[in-house]
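Here is the structure we will look at.
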Amino acid sequence: MGMKFSAFKLDPNLIKELNRLGYLEMTEIQQKAIPYLLRNESGVFKAPTGSGKTLCYLAPILSDLDTNKGVQALIVLPTNLLIEQVKSNFEQFASYKKVKVAVLDTEISKASLKESQVVLTTPNKLYSELYKLDNSNLKRIVLDEGDMLLFDQKEETDLAQAIQSAKLSGAKKFLFTASIPEHLDAFTKKFIKANKVINVENKGEITSSNVTHYMLDIKHVDPLKALVEFIKAKNPYKLLVFVSNADNPEKIASYLNKQGIQASYVSKELSNSEVRKRTRDFKEDRYSILIATDRLARGFDDDSISDVLSYSLPLNLDYYFHRAGRCGRYDKKGNSYVFYSEDNNSEAKKLYSRFDKFKFAVLKSGEISYLKERSPKPKINNKYLEKEIKHNIYKLRSSKVKPNYKKKVRQMIERTKKKHKEDVIKKNLAERNKKEGTSFSYFEKKR
């Protein structure tokens, strides 16, 4: 059994509301982060997508919020879509309490802002509209999706200038992220004046261990036709299809609809209000397939998504992991597929070289065939290997004793074993590929 929210000094009414909504036990990042926010002690918190980071700051903020005071919490997010998502979260969990959540932008007045307890904003609006903010009761500043905030050049400049201003210097700062590299931890700590970096990443993975990753060979089939075959073969409960900016989400959705498969799309051309409407319809199961660009790769939260498909890969491969993190959220299981074929697998190979936990499958004749193992276990011919080692030792020998002779022998033995193993793997792969008609050998990492 996991730790319950009642283990911490949270508002009892909030705990009842959480339990009513099905949040009975805390995730690992919630167990580790919530005490810091309750003590109001700055920190950096890294955890995979879908691990419940929003609730890490939402619960402590709501627990000690005084509705008779002004702005007590400021939350900075990289996009307007994320603002809508977090605003919805606050309204959902604060139904027992009269909390006013406002968005700091050019539309809101100083007087209206003063009546709010929680303020959400983007870095550029924080910088340009900061003069409107009353900081007399400001207690916490939360930076959500911290890697996007800190390492996008414009966002970084706007955020740094605002955070370092005298107006925000008195509030404690908390940064949440899925993907800041370890070598940037020191910079991040210094930026928000934190004492601690809490990292619950799963061996450096950005996505949850609830997600299973697949490289799906579509066997030279046109991707549009392969998509139809995939949907019919997989029959996903709810599918989010990601495409690169070069693709046309509207065209793909239209093609699916003509094939009798109901789908909608989100693209960069759509207004924020239209994106909100379409994502809301998707969440409410008005349709089960949504085609999207990476506009939805960060922060889009729908724990009913069963499968994610990368129809094409993003230019920045980090975004693959954020895409995959749209499924397998909280305690749910999910699958993330990547389309590839011999025509377009260079990016897929780069992705596999970074993340070797992909399983493999083939889409052929309207069926998905799953491979049990990524590569066969090498069959070592010990007699042959022993002969090779003896032969190479003989070549090292000399009439004179040379320095580091024993070390060179050990190194030579390791090289010989490694080469022998590679030769066996190549042979076994060739035999298997000939038998199964697959091209997975392309992904085998050089050892």
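Tell me the residue from T54, T49 that is modelled with pLDDT under 90 and either over 27 Å from R295 (Cβ atoms) or out of contact with any Lys or Arg (no Cβ under 6 Å at 6 or more places or on another chain) (or both), please.
T49
Which ones in the range 52-88 are touching an Asp or Glu at 6+ places or on another chain (Cβ under 8 Å) and among the basic types (K, R)?
If the condition is that a residue be touching an Asp or Glu at 6+ places or on another chain (Cβ under 8 Å) and among the basic types (K, R), then K53 is the only one that fits.
Please go through the range 1-16 and give me each residue that is open to solvent by 20 Å² or more (accessible area, probe 1.4 Å) and in contact with a Phe, Trp or Tyr (Cβ under 9 Å, 6 or more places away or on another chain), ordered by number.
If the condition is that a residue be open to solvent by 20 Å² or more (accessible area, probe 1.4 Å) and in contact with a Phe, Trp or Tyr (Cβ under 9 Å, 6 or more places away or on another chain), then D11, N13, I15, K16 are the ones that fit.
How about the range 304-365: which strands (runs of 3 or more DSSP E) wholly inside it have at least 2 residues that are open to solvent by less than 60 Å² (accessible area, probe 1.4 Å) and closer than 18 Å to T293 by Cα?
Per the criteria, 307-310, 334-340.
If you scan the range 57-96, which residues turn out to be more than 27 Å from the chain's Cα centre (by Cα) and surrounded by fewer than 17 Cβ atoms within 10 Å (Cβ to Cβ)?
D64, D66, T67, N68, K69, S95, Y96
Filter the range 182-201 for residues that are of a type in the set (A, V, I, L, M, F, W, C) and not in a loop (DSSP other than H, G, I, E, B) and give the result.
Correct list: L184, A186, F187, F191, I192, V197, I198.
Just the residues that are surrounded by fewer than 24 Cβ atoms within 10 Å (Cβ to Cβ), over 25 Å from D303 (Cβ atoms) and in contact with a Leu (Cβ under 9 Å, 6 or more places away or on another chain), please, taken from the range 30-56.
L38, S42, G43, listed by residue number.
Conditions: (1) touching a residue at least 60 places away in the same chain (Cβ under 8 Å); (2) open to solvent by 50 Å² or more (accessible area, probe 1.4 Å); (3) under 24 Å from the mean Cα position of the chain (by Cα). H183 meets all but one. Number of the miss?
Failed condition: (1).
How many residues are touching a Phe, Trp or Tyr at 6+ places or on another chain (Cβ under 7 Å) and within 30 Å of E182 (Cα to Cα) if we restrict to the range 206-263?
Within the range 206-263, residues that are touching a Phe, Trp or Tyr at 6+ places or on another chain (Cβ under 7 Å) and within 30 Å of E182 (Cα to Cα) number 7.
Could you check the range 284-336 and list, in sequence order, the residues that are closer than 24 Å to T122 by Cα, among the charged types (D, E, K, R) and over 15 Å from the mean Cα position of the chain (by Cα)?
Within the range 284-336, no residue meets the criteria.
So that you can scan it fast, the table gives a plain yes or no per residue for (1) of a type in the set (F, W, Y); (2) more than 30 Å from E367 (Cβ to Cβ); (3) modelled with pLDDT under 90:
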position: D147; (1), (2), (3): no, yes, yes
position: Q153; (1), (2), (3): no, yes, yes
position: A160; (1), (2), (3): no, yes, yes
position: A171; (1), (2), (3): no, yes, no
position: H183; (1), (2), (3): no, yes, yes
position: K190; (1), (2), (3): no, yes, yes
position: K193; (1), (2), (3): no, yes, yes
position: F230; (1), (2), (3): yes, no, no
position: Q259; (1), (2), (3): no, no, no
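For the range 315-348, give me each residue that is touching a Gly at 6+ places or on another chain (Cβ under 6 Å) and within 14 Å of V241 (Cα to Cα).
Those that are touching a Gly at 6+ places or on another chain (Cβ under 6 Å) and within 14 Å of V241 (Cα to Cα): G325, C327, G334.
Kindly indicate which of L104, L126, L130, L175 is closer than 30 Å to K357 by Cβ, open to solvent by less than 60 Å² (accessible area, probe 1.4 Å) and aliphatic (A, V, I, L, M).
When all the criteria are applied, what remains is L175.
The values are calculated or read from the model by the stated rules, or taken from the named source; none is laboratory data. Because the structure is predicted, anything quoted here is derived from the model rather than measured. Positions of Cβ are backbone-derived with ideal geometry, glycine not excepted, and every protein chain shown enters the neighbour counts. We work out accessible area using only protein heavy atoms, side chains counted, and drop any ligands, DNA or RNA first. Shrake-Rupley method; radii C 1.70, N 1.55, O 1.52, S 1.80 Å.
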